[in-house]
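Here is the structure we will look at.
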Amino acid sequence: MNASSAGHVIDVVLPCLNEAEALPWVLSRMPAGFRALVVDNASTDESARVAADRGAEVVAAPTRGFGAACHAGLLAARSEVVCVMDADASLDPAELSRLVGALDGLQSVSKAEEPVRPGLVLGRRRPVGRGAWPPHARLGNAVLARSLNRRAGTRLHDLGPMRAARRAELLALGVADRRFGYPLEMVLRAARAGWRIAEVEVAYRPRTGTSKVTGTLGGTVRAVRDMRRVLLEVTP
């Protein structure tokens with residue numbers, strides 16, 4: 001699916017907590033045919049105003065939590081296909097079209113006699129620039145990916161924060177975590193439901209502004225703790 005040439009609009013959910021500094025670049029890179037939904041997760045800076053001034057739709061998510069912001073964005077989205085990505089300028093929205101194209105490819109490979117299975121495409125991060133992916137964050141991600149692969153039978157390298165899937169099917173997964181465990185739970189539930197899951201390599205740059213998760217050891221520890229809890233709680 002080429003969003004611009006096919007005339008489709010694809011909503012892009014951007015969970016946002018104090019990203020006023022990063023949003024101008026992120027929104028300026030949004031490709032034609034993609035619509036930004038900036039989910040303001042109780043920011044204390046000017047994130048909501050900056051987003052609105054640059055034409056983005058602003059969605060309020062007053063309950064703090066990465067998963068809470070993602071879920072609010074999915075509920076507010078109106079397109080059949082949706083994307084989710086960080087709003088901190090570490091990822092380039094210009095690469096979203098490649099993920100959507102891979103999503104279409106996933107759903108075109110079913111045999112004629114088989115029902116079309118849902119698909120999920122993850123952006124596999126390739127660090128670009130010094131400090132883009134601190135060692136502690138990369139290690140935590142690798143450990144979690146291995147644990148996921150063992151439990152769900154996947155062969156993933158990265159629990160990437162840039163994703164594409166179909167909205168109704170994502171909501172039907174029933175992802176319950178509203179904190180940092182949300183990304184892993186989405187993949188775990190999708191794998192156990194028999195979804196086709198693919199990775200597309202994307203550039204990963206040093207974020208703009210102050211990191212709240214992967215750029216700090218404490219943030220990484222909290223994220224890993226939430227994700228390990230999800231691995232234990234989500235039943236096969």
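The values are calculated or read from the model by the stated rules, or taken from the named source; none is laboratory data. Everything numeric in this text was worked out from a predicted model, so none of it was measured. Cβ coordinates were reconstructed from backbone atoms using ideal geometry, including for glycine residues, and neighbour counts include every protein chain displayed.
Is at least one residue of region 196-206 under 25 Å from Pro62 (Cα atoms) and modelled with pLDDT under 95? No, region 196-206 has no match at all.
When Pro118 is tested against (1) touching a helix residue (DSSP H, G or I) at 6+ places or on another chain (Cβ under 7 Å); (2) crowded, with 23+ Cβ neighbours inside 10 Å, exactly one condition is not met: (2).
Answer with yes or no whether Arg117 is assigned to a strand (DSSP E or B), closer than 30 Å to Val9 by Cα and of a type in the set (D, E, K, R).
When the stated conditions are applied, Arg117 does not pass them.
Of the strands (runs of 3 or more DSSP E) lying entirely inside region 1-89, those carrying at least 3 residues that are closer than 27 Å to Asp177 by Cα and β-branched (Val, Ile, Thr) are 10-16, 81-84.
Filtering region 207-236 to residues that are at pLDDT 65 or above and closer than 23 Å to Asp92 by Cβ leaves Arg207, Thr208, Gly209, Thr210, Ala223.
Looking at region 82-103 only, could you name the residues that are among the hydrophobic types (A, V, I, L, M, F, W, C) and surrounded by 23 or more Cβ atoms within 10 Å (Cβ to Cβ)?
Residues satisfying the conditions are Val82, Cys83, Val84, Met85, Ala87, Leu91, Leu96, Leu99, Val100, Leu103.
Residue count for region 35-70 satisfying the condition of being surrounded by fewer than 18 Cβ atoms within 10 Å (Cβ to Cβ) and in contact with a Pro (Cβ under 6 Å, 6 or more places away or on another chain): 1.
Checking the stated criteria, Gly131 turns out to be at positive phi, over 14 Å from the mean Cα position of the chain (by Cα) and surrounded by fewer than 19 Cβ atoms within 10 Å (Cβ to Cβ).
Scanning region 172-187 for residues that are outside any loop (DSSP other than H, G, I, E, B) and under 14 Å from the mean Cα position of the chain (by Cα) yields a total of 6.
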